[in-house]
Amino acid sequence: MPEAYLIDAVRTPVGRRNGGLSTIHSADLGAHVLKGLMDRTGIDPGAVEDVIFGCCDTIGSQAGDIARTCWLAAGLPMHVPGVTIDRQCGSSQQSVHFAAQGVMSGTADLIVAGGVQSMSQIPISSAMTCAVDLGFDDPFSGSTGWVERFGDQEISQFRGAELIAEKWDISREALDELAINSHLRAIAATKEGRFKNEILPLNGVENDEGMREPNPEKMASLQPLVEGGKLTAAHASQISDGATAVLIASEQAVKEHGLKPRARVHHISVLADDPVFMLSAPIPATKRALEKTGMKMGDMGVTEINEAFGPVVLAWQKELDADMSTVNPNGGAMALGHPIGATGTRLMTTLLNEMERTGSRYGLQTMCEGGGQANVTILERL
């Protein structure tokens, strides 16, 4: 089978809500990383065959095919098309999968994948509620088939996280510890310059803005998000702004353009689970990916699993028996933030750099996603 190679990966810093990137138009966020990727790789932008960007809440500045808008806003060749995809939080990880599939199928040689999200300007779930005046309170309740299957129960990431914490018997103390470690790891990684190779500074922002020195006593005093629950705001990912871009190439393109691949796409897959639990799918998705590849977690020198909520990571760890010293070693979304449409390739960019730093041959990435879905990518460092 033809191979798909990851040539380079770049990102903006992750801006906190109403922070240093909050006033930048979504198209300009995406344009920044696209221009940076073209400059770093030295590739002729006219040779790119498609631009695949993940983005959620595609209204306002993110409507009208933001992938195409970002490319044009970057001043790049007009003949290159773009397409925007929405697999919720895993949108940009899925963009890499689609790009790799295009290359591996032989229908394309050079594709840019990535994602963009301005959560400061377009609040999370805006697209879920913007049609209330048109008679739709949410995406589900008006559907006869949905109600017949799932009833009128609450469908939300917060409920899903609580259900996971309950089912896998995850304590408040364990969640606090995970959150503290996420911030400490992110602070250490930033101080050591581990993100320097992946971040393209923007608007005076050079580093991720979300991390902060944890205060265990204050964290322990936080009230649960729901009465009787375990989750607090400290156990959730942060609302953020950012963009990411990755260049995927075929072997033919590598030769033609004199490119030096940094990694090979070893495995791509996606699997779904219960949409009510919503966030549990990384468990079966990772298990299936390992089965299909004949690999085990011990083969992975680095793993990135999105810290959408603390219970997602801890339930996954219990089921996969993963070594947490190699999981999110530079912090996760509780510290670094979660610009939802861009996080998939943010994780991949960080994964790639950490694999190179540690000399790891293989790295795995997985994410929970709305609808009870999860992508899994395994990279081989070259």
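Surrounded by 20 or more Cβ atoms within 10 Å (Cβ to Cβ) and either assigned to a loop (DSSP other than H, G, I, E, B) or at pLDDT 95 or above (or both), is that true of Asp8?
Criteria met by Asp8.
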Residue list for the stretch 186-241, filter: on the phi > 0 side of the Ramachandran plot and surrounded by 19 or more Cβ atoms within 10 Å (Cβ to Cβ): none
Every residue from the stretch 63-102 that is assigned to a loop (DSSP other than H, G, I, E, B), under 22 Å from Pro339 (Cα atoms) and touching a residue at least 24 places away in the same chain (Cβ under 8 Å): Ala74, Asp86, Gln88, Gly90
Would it be correct to say that Arg361 is of a type in the set (Lys, Arg), within 17 Å of the chain's Cα centre (by Cα) and not assigned by TED's automatic domain parsing to the domain that holds Ala249? no
Can you tell me which of Ala161, Ala165, Ala179 is touching a strand residue (DSSP E or B) at 6+ places or on another chain (Cβ under 8 Å), at pLDDT 95 or above, surrounded by 12 or more Cβ atoms within 10 Å (Cβ to Cβ) and in a helix (DSSP H, G or I)? Ala161
Do any residues in the stretch 22-50 that are on the phi > 0 side of the Ramachandran plot have Cβ atoms under 9 Å from those of residues that are among the small types (Gly, Ala, Ser), where the two are at least six apart or on different chains, and which pairs are they? Gly42/Gly258
Tell me the residue from Val132, Val83, Val96 that is surrounded by fewer than 22 Cβ atoms within 10 Å (Cβ to Cβ), β-branched (Val, Ile, Thr) and under 17 Å from Gly30 (Cα atoms), please. Val83
Does Arg40 meet the test of being among the basic types (Lys, Arg), at pLDDT 95 or above and farther than 24 Å from Lys260 by Cβ? no
Tabulated pairs, the stretch 303-315, first in the same structural domain as Leu347 (by TED's automatic domain parsing), second among the aromatic types (Phe, Trp, Tyr) and surrounded by fewer than 24 Cβ atoms within 10 Å (Cβ to Cβ), C-beta under 6 angstrom, 6+ apart or interchain: Ala315/Trp168
Could you list, ordered by first residue, the pairs with Cβ atoms under 7 Å in which the first is in the stretch 248-271 and under 11 Å from Asp109 (Cα atoms) and the second is of a type in the set (Asp, Glu) and surrounded by 20 or more Cβ atoms within 10 Å (Cβ to Cβ), at least 6 apart or interchain? Ala249/Asp109; Ser250/Asp109; Gln252/Asp109; Ala253/Asp109
Identify the single condition in (1) under 30 Å from Met1 (Cβ atoms); (2) more than 19 Å from the chain's Cα centre (by Cα) that Ile111 does not satisfy, given that it satisfies every other one. (2)
Going through the stretch 15-48 one residue at a time, which ones are closer than 23 Å to Val103 by Cα and not aliphatic (A, V, I, L, M)? Gly30, Lys35, Gly36, Asp39, Arg40, Thr41, Gly42, Asp44, Pro45, Gly46
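To keep it simple, each residue is scored yes or no on (1) modelled with pLDDT under 95; (2) in contact with a helix residue (DSSP H, G or I) (Cβ under 8 Å, 6 or more places away or on another chain); (3) part of a helix (DSSP H, G or I).
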{"position": "Glu307", "(1), (2), (3)": "no, yes, no"}
{"position": "Pro311", "(1), (2), (3)": "no, yes, yes"}
{"position": "Asn330", "(1), (2), (3)": "no, yes, no"}
{"position": "Leu352", "(1), (2), (3)": "no, no, yes"}
Going through the stretch 272-300 in order, the residues found to be surrounded by fewer than 16 Cβ atoms within 10 Å (Cβ to Cβ), in a loop (DSSP other than H, G, I, E, B) and touching a residue at least 60 places away in the same chain (Cβ under 8 Å) are Asp274
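The values are calculated or read from the model by the stated rules, or taken from the named source; none is laboratory data. Keep in mind that what you see is a predicted model, and the values were worked out from it rather than measured. So basically every Cβ, Gly included, is an ideal-geometry build from the backbone, and we count neighbours across all protein chains shown.
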